[in-house]
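Only one structure is covered here, and it is reproduced in the block below.
The values are calculated or read from the model by the stated rules, or taken from the named source; none is laboratory data. Keep in mind that this is a model prediction, so the values were computed, not measured. Glycine also receives a Cβ, built like all others from the backbone with ideal geometry; neighbour counts cover every protein chain displayed.
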Amino acid sequence: MPDFFEVVHRQRACRAFRPDPVDDDTLGKVLDAATFAPSAENRQPWVFLVVREAALRGAIGECNRKVWEAGARAHSEGRLSPGLLREVDEGARGGVAEAPVIVVVCGDLELGNARVIEASVFPAVQNLLLAATAVGLGSALTTLPLALGDELRGALGLPGHLQPLAVVPLGWPRKPLGPPRRIPFAEKAFRDRYGAAW
């Protein structure tokens, strides 16, 4: 198993996947790691819908594509480099649906307050992303399909108390992923007061 800091420095979005299946043991490791995240009052309000069925993955991917083409792409144009925009565009138009597994992460409103439930669910999403990297899976985090919440809810048969918060495609990367580009932490951290250099 790779070192934790190596995993953190390698984790990045994957938007193109091989069709090879992901076995239950590997998925189990990833989901288990996700459940060891902190949550308010240790209520653990996360629910993971593990979607493998091709038709359902296609429906989720179609929600993603519709939202991307309806304005999300225009929002990203000029903000992303041409290469990254092309990669995101390909992922939004088909890469999500091509992943052999899509995990829809929901918050259970019976276990958390709707106004702040994200704070108790997104640590689990981060654990899921890091664990996927540790076992060699590619992953990405998208929220685009949530803009078509009723359509997504209907396709997945979600009861009213489950609020979809994140969509995470998982699979074996189609090509090696390069290292993520990050601004050095010293440019984002300050000592005691804002503006006091690290």
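Looking only at residues in region 135-160 that are part of a helix (DSSP H, G or I) and touching a residue at least 24 places away in the same chain (Cβ under 8 Å), the one that is nearest to L49 (Cα to Cα) is L156.
Checking every residue in region 111-118 against the condition of being over 27 Å from G71 (Cα atoms), within 16 Å of the chain's Cα centre (by Cα) and either among the polar types (S, T, N, Q) or crowded, with 22+ Cβ neighbours inside 10 Å (or both) gives zero matches.
From the list L85, L141, L129, exactly one residue is at pLDDT 95 or above, surrounded by fewer than 18 Cβ atoms within 10 Å (Cβ to Cβ) and under 24 Å from W172 (Cα atoms). Which is it? I'd like the intermediate steps shown before the answer.
Details: L85 fails: at pLDDT 95 or above; L129 fails: surrounded by fewer than 18 Cβ atoms within 10 Å (Cβ to Cβ).
It is L141.
The helices (runs of 4 or more DSSP H) falling completely within region 43-99 that include 2 or more residues that are within 24 Å of D150 (Cβ to Cβ), of a type in the set (G, A, S) and in contact with a helix residue (DSSP H, G or I) (Cβ under 9 Å, 6 or more places away or on another chain) map to 54-67.
Across region 160-182, the qualifying residues are those that are modelled with pLDDT of 95 or more and out of contact with any helix residue (DSSP H, G or I) (no Cβ under 9 Å at 6 or more places or on another chain), and the one among them that is surrounded by the most Cβ atoms within 10 Å (Cβ to Cβ) is W172.
Take E87 and tell me if it is free of Cβ contacts under 8 Å to residues at least 60 places away in the same chain and more than 15 Å from the chain's Cα centre (by Cα). Steps first, please.
On the way: free of Cβ contacts under 8 Å to residues at least 60 places away in the same chain: no; more than 15 Å from the chain's Cα centre (by Cα): yes.
No; evaluated as a whole, the condition is false for this residue.
Contact map, region 20-46: first residue in contact (Cβ under 8 Å) with a residue 12 or more places away in the chain, second residue surrounded by 13 or more Cβ atoms within 10 Å (Cβ to Cβ) and acidic (D, E), Cβ cut-off under 6 Å, separation 6 or more or different chains; pairs are P45/D108. In this entry, A33 passes the filter for residues that are among the aliphatic types (A, V, I, L, M) and within 17 Å of the chain's Cα centre (by Cα).
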